[in-house]
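Colleague: Please find one structure pasted underneath; my questions will follow.
The values are calculated or read from the model by the stated rules, or taken from the named source; none is laboratory data. Quick caveat, the model's predicted, so the values are computed rather than measured. With ideal geometry, Cβ positions are generated from the backbone for all residues, glycine too; neighbour counts draw on all protein chains shown.
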Amino acid sequence: MSSTGFYEREPEYVSRPDNTALQHIPGDYGWPLLGRTLPYLQDPSALVADYRAQYGDVFRIGLTFQKYVMAVGPDYLKQLMLDSDKVFSARMGYHAPLKHFFEGGLLMRDFAEHKFHRRIMQSAFKTDALRGYVDDINPLVDARIDQWSKQDDFHFYPNIKELLLEIGAKVFLGLDLAGNETRKLNEAFLAMGDGTLAMLRKDWPGLGLSYRKGMNGRRYLDKFFLDLVPRRRGQSGRDMATYFANEKTEDGEYFPDDVVSKHLIFLLLAAHDTTTAALTMACYYLANDPVWQQRLRDDSEGLSGPISYDQLSDVPTLDHTFKEIERLHPSVPAFSRRTVAETEIGGFAIAPHTPIQVPVTYVHRMPDWWSEPNSFDPDRFARNEHKQHAFMWAPFGGGAHKCIGLHFADMLFKCVMSALLRKYRLELPAGYTFPSQIQHFPFPKPVDNLPLVLKPRH
């Protein structure tokens, strides 16, 4: 891709309809149009387990108005992620649910174009940059969580989401968000998340449709970031927005404002929403397990104050807990692709333009690989249970599309969790039913937003 080729002609496969000639593959599409969407949203692992028992590791299924080939197991994850023959399009895999909300983000780019844009972003995630982010993160965490125990009827999810959005704005945008501005950005991201799940995908005004609200959220973010980027040109700073705004092509031209804006929108979503989910689910399990909670606290109390970048590798129990949460509740429950050429999966011929999905949530719970797969057991990572296959634990994907922010997510999780456990004992309210109902899409969390009792330790 040329250095100025931001608006080159679309590849031919983008305009082609999905291939639906899948009768040679065993399976069941389910209901017309909806397929098996509703049971999949309710419990994706249970549905996949049922289909696998009936049809084997490769089957056809109807989801979200599309006909998919679903392939179950780490070997198929490896095939999709490494993609040695360049036949699996991530852009078209996520096109149907995400195209209007995250078009232009790194996830929605393929092959040479993806490589070109990923290179723009790499330096923001190098060691020196991450080290600097920790210095910004810890004061924000300490200041915010100090106030949490003073709230009546405290719910963890909305509070951690607001905090992580504030952190994302600081380290990626160089902004200290005021309360109202944070609220508006948060509402916009929440609306887009709900919009991706909308069954009626019409941008019609006046009907209160979730898709319409999602598109309004996207329009708000477009304006916010398009106003921000020009203001950063010629400025100095260590935040991502300033870096992008001042980066130039080899021809000496600035990257276009809308290109920078689209990357920042997707990046800020990934920076706060995915780690919000991980921290929420971690507190969900830890509040129900005081033994594990104390083990993590002991891990963190060996530190002298807030965790530093150089100490991130000195908290093995916390590290294993992060990995276990991402095993049980990966932020991306399934990886989707669409073929751009003929290929083969599990012995079946797959035509071009066929949607493919590998259910990560189920792979992470396959009894073929994991001991007591539905149990919360961070020690399985101390036992190296995950090393039986390179792709049996893959919450961040792999290959060219491996999550660029995985080290940032790991760092942010450890900064927040170590601070939280040093300050509080986490308890579930009296009468709380565990396990509670879990929402899986767009990101995992208890449907009740996780009410917690925070008991100060000092």
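Colleague: Looking only at residues that are among the polar types (S, T, N, Q) and assigned to a loop (DSSP other than H, G, I, E, B) in region 367-417, which one is surrounded by the fewest Cβ atoms within 10 Å (Cβ to Cβ)?
Modeller: Per the stated criteria, the residue is Asn384.
Colleague: Select, from Glu187, Glu166, the only residue that is closer than 28 Å to Pro429 by Cα, of a type in the set (D, E, K, R) and surrounded by 18 or more Cβ atoms within 10 Å (Cβ to Cβ).
Modeller: Within the list Glu187, Glu166, the selection yields Glu166.
Colleague: Do we find that Asp298 is surrounded by fewer than 20 Cβ atoms within 10 Å (Cβ to Cβ), free of Cβ contacts under 8 Å to residues at least 24 places away in the same chain and either of a type in the set (A, V, I, L, M, F, W, C) or part of a helix (DSSP H, G or I) (or both) in this structure?
Modeller: yes
Colleague: Looking only at residues that are part of a helix (DSSP H, G or I) and either modelled with pLDDT under 95 or of a type in the set (A, V, I, L, M) (or both) in region 320-335, which one is nearest to Phe441 (Cα to Cα)?
Modeller: Among those that are part of a helix (DSSP H, G or I) and either modelled with pLDDT under 95 or of a type in the set (A, V, I, L, M) (or both), it is Leu328.
Colleague: Right, something else. Going by the structure shown, is Tyr133 in a helix (DSSP H, G or I), touching a helix residue (DSSP H, G or I) at 6+ places or on another chain (Cβ under 9 Å) and surrounded by 18 or more Cβ atoms within 10 Å (Cβ to Cβ)?
Modeller: Answer is yes for this residue.
Colleague: A follow-up question, please. So is Ala349 touching a residue at least 60 places away in the same chain (Cβ under 8 Å), closer than 24 Å to Phe125 by Cα, in contact with a His (Cβ under 8 Å, 6 or more places away or on another chain) and surrounded by fewer than 22 Cβ atoms within 10 Å (Cβ to Cβ) or not?
Modeller: In short, no.
Colleague: Determine which member of the set Ile160, Ile120 is under 26 Å from Gly399 (Cβ atoms) and among the β-branched types (Val, Ile, Thr).
Modeller: Every option except Ile120 fails the conditions.
Colleague: Another question, if that's okay. Tell me whether region 366-386 contains one or more residues that are modelled with pLDDT of 95 or more, within 25 Å of Tyr13 (Cα to Cα) and of a type outside the set (D, E, K, R).
Modeller: No.
Colleague: Also, quick follow-up: Given the conditions (1) basic (Lys, Arg); (2) free of Cβ contacts under 8 Å to residues at least 12 places away in the same chain; (3) under 21 Å from Ala351 (Cα atoms), report the number of the one that Arg119 does not fulfil.
Modeller: Among (1) basic (Lys, Arg); (2) free of Cβ contacts under 8 Å to residues at least 12 places away in the same chain; (3) under 21 Å from Ala351 (Cα atoms), the lone unmet condition for Arg119 is (3).
Colleague: Are any residues in region 22-60 in contact (Cβ under 8 Å) with a residue 40 or more places away in the chain and either of a type in the set (A, V, I, L, M) or touching a Cys at 6+ places or on another chain (Cβ under 8 Å) (or both), and if so, which ones?
Modeller: Answer for region 22-60, where residues must be in contact (Cβ under 8 Å) with a residue 40 or more places away in the chain and either of a type in the set (A, V, I, L, M) or touching a Cys at 6+ places or on another chain (Cβ under 8 Å) (or both): Leu22, Ile25, Leu34, Leu41, Val48, Ala49, Val58.
Colleague: Further question on the same structure: With the structure loaded, tell me whether Val358 is surrounded by fewer than 16 Cβ atoms within 10 Å (Cβ to Cβ), modelled with pLDDT of 95 or more and in contact with a strand residue (DSSP E or B) (Cβ under 7 Å, 6 or more places away or on another chain) or whether it fails that test.
Modeller: Criteria not met by Val358.
Colleague: Right, here's the next one. Please work out which one of (1) part of a helix (DSSP H, G or I); (2) within 30 Å of Met411 (Cα to Cα); (3) out of contact with any Gly (no Cβ under 8 Å at 6 or more places or on another chain) is the condition Phe266 fails and give its number.
Modeller: Phe266 satisfies every listed condition except (3).
Colleague: Only one of these conditions is not met by Ile145: (1) under 30 Å from Arg457 (Cβ atoms); (2) modelled with pLDDT under 90. Which number is it?
Modeller: The one condition Ile145 does not meet is (2).
Colleague: Checking Asn246 against (1) out of contact with any strand residue (DSSP E or B) (no Cβ under 9 Å at 6 or more places or on another chain); (2) touching a residue at least 12 places away in the same chain (Cβ under 8 Å); (3) among the polar types (S, T, N, Q); (4) more than 30 Å from Pro446 (Cα to Cα), which single condition isn't satisfied?
Modeller: All conditions are met except number (1).
Colleague: Oh, and also: If you take the residues in region 442-457 that are assigned to a strand (DSSP E or B) and surrounded by 16 or more Cβ atoms within 10 Å (Cβ to Cβ), which one is nearest to the chain's Cα centre (by Cα)?
Modeller: Lys445
Colleague: Only one of Tyr220, Tyr211 is of a type in the set (Ser, Thr, Tyr), surrounded by fewer than 21 Cβ atoms within 10 Å (Cβ to Cβ) and touching a helix residue (DSSP H, G or I) at 6+ places or on another chain (Cβ under 6 Å); which?
Modeller: Only one candidate passes the filter, namely Tyr220.
Colleague: All but one of (1) in a helix (DSSP H, G or I); (2) free of Cβ contacts under 8 Å to residues at least 40 places away in the same chain hold for Ala278, so report the exception by its number.
Modeller: (2)
Colleague: Taking only region 80-114 into account, find how many residues are touching a residue at least 24 places away in the same chain (Cβ under 8 Å) and farther than 22 Å from Asp257 by Cβ.
Modeller: The total comes to 19.
Colleague: Determine which member of the set Asp176, Asp258, Asp251, Asp153 is surrounded by fewer than 20 Cβ atoms within 10 Å (Cβ to Cβ), on the phi > 0 side of the Ramachandran plot and charged (D, E, K, R).
Modeller: Asp153
Colleague: Hey, another quick one. Of the residues Leu279, Leu286, which is crowded, with 21+ Cβ neighbours inside 10 Å and closer than 26 Å to Thr127 by Cβ?
Modeller: Going through Leu279, Leu286 in turn, just one is crowded, with 21+ Cβ neighbours inside 10 Å and closer than 26 Å to Thr127 by Cβ: Leu279.
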